[in-house]
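What follows is one structure encoded as structure tokens, with my remarks underneath.
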Amino acid sequence: MQQVTIILLLLFFSSNSIQAQGLDAFLKKAKITSDTTKKQGKLLDVIYGSTNKKGSLANEEIANGLKEALTNGVKKGAEALSKPDGFFANAALKILMPPDAKKIETTLRNMGMSKQVDEAILSMNRAAEDACKSAAPIFVSAIKEMTITDAMGILKGTDTAATAYLQQKTNLALANAFKPSIEKSLEKTNATKYWNTLITAYNGFSLKKINPDLAGYVTAQSMNGIYNQIASEEKDIRKNPLARTSELLKKVFGN
């Protein structure tokens, strides 16, 4: 404001056209013009980001941090589940016989066919482990499409907000990739053939029908398993400082 005043005084002393009586009004008008210009400048800065570079950069860092965290999480999760016993030896994720088939399972075990039932369960879990080998690229593709707006929403969301975002973005693609792989794996052990024969016979005399689509059931359970695994990785990165393996993750998720 001092600079504006000095300029105006110089103009005053160099011009005989400005009268003493009109100087006060002239200065007030100049002040209003200056204030208006400042407000307009601030508005333009907000719109175009010239004074918000730090904030914009922070948002971009958040997005990059989330993408890095999710990429690490899905790769780690998919790798863990695709190994032998990734599902079978994991009590929380192990795929068991469908709830509707419990009665059949009990009957078969009572008939001395526990080995066959156990082999069927093992086949389902091995099929899920095989399918998870194709999961990581699908998730990474969805992560790359994440916007800054998506990232900010995830950061402010629950401990599994990122997992929910990925589930929404990958559910269809994952199912399309998993089911053929699972069908192929089940056929290796004749699990599908045995299951279909068993369920078809059961549905012939039971009022409560059981879905014979074993591959569909294993696909659904496999997808639930990998989403649960990713959710676990996400919670760990959010809460456990030791899980933040890069400076960017420490900066984004640090207190």
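Table for the structure above
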quantity: Residues within the range 210-225 that are hydroxyl-bearing (Ser, Thr, Tyr) and surrounded by fewer than 24 Cβ atoms within 10 Å (Cβ to Cβ), tallied; calculated: 1
quantity: Failed condition for Ser222, given (1) within 30 Å of Gln116 (Cβ to Cβ); (2) modelled with pLDDT under 90; (3) of a type outside the set (D, E, K, R); calculated: (2)
quantity: Out of Leu44, Leu96, Leu108, Leu66, sole residue that is at pLDDT 75 or above, over 25 Å from the mean Cα position of the chain (by Cα) and part of a helix (DSSP H, G or I); calculated: Leu108
quantity: Odd one out for Ile199 among (1) under 20 Å from Met113 (Cβ atoms); (2) not in a helix (DSSP H, G or I); (3) not aromatic (Phe, Trp, Tyr); calculated: (2)
quantity: Residue within the range 126-143 that is within 20 Å of Thr71 (Cβ to Cβ), of a type outside the set (D, E, K, R), without any contact (Cβ under 8 Å) to a residue 12 or more places away in the chain and surrounded by 15 or more Cβ atoms within 10 Å (Cβ to Cβ) present; calculated: no
quantity: Test: residue in the range 198-212 that is under 19 Å from Asn125 (Cα atoms) and charged (D, E, K, R); calculated: no
quantity: In the range 111-125, the residues that are at pLDDT below 85, in a helix (DSSP H, G or I) and exposed (fewer than 13 other Cβ atoms within 10 Å of the Cβ); calculated: Ser114, Lys115
quantity: Residue pairs meeting the criteria (Cβ under 9 Å; at least 6 apart or on separate chains; first modelled with pLDDT under 95, in the range 80-93; second part of a loop (DSSP other than H, G, I, E, B) and polar (S, T, N, Q)); calculated: Ala80/Asn90; Leu81/Asn90
quantity: Matching residues, the range 161-202, being surrounded by 20 or more Cβ atoms within 10 Å (Cβ to Cβ) and touching a residue at least 60 places away in the same chain (Cβ under 8 Å); calculated: Ala162, Thr163, Leu166, Ser185, Leu186, Ala191, Trp195, Ile199
quantity: Subset of the range 177-214 (residues that are at pLDDT 90 or above and within 24 Å of Ala92 (Cα to Cα)); calculated: Ala177, Phe178, Lys179, Ser181, Ile182, Glu183
quantity: In the range 66-92, residue farthest from Leu198 (Cα to Cα) [restricted to those that are among the hydrophobic types (A, V, I, L, M, F, W, C) and crowded, with 20+ Cβ neighbours inside 10 Å]; calculated: Leu66
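The values are calculated or read from the model by the stated rules, or taken from the named source; none is laboratory data. Note that the structure is a prediction, hence the values are computed from the model and not measured. Glycine also receives a Cβ, built like all others from the backbone with ideal geometry; neighbour counts cover every protein chain displayed.
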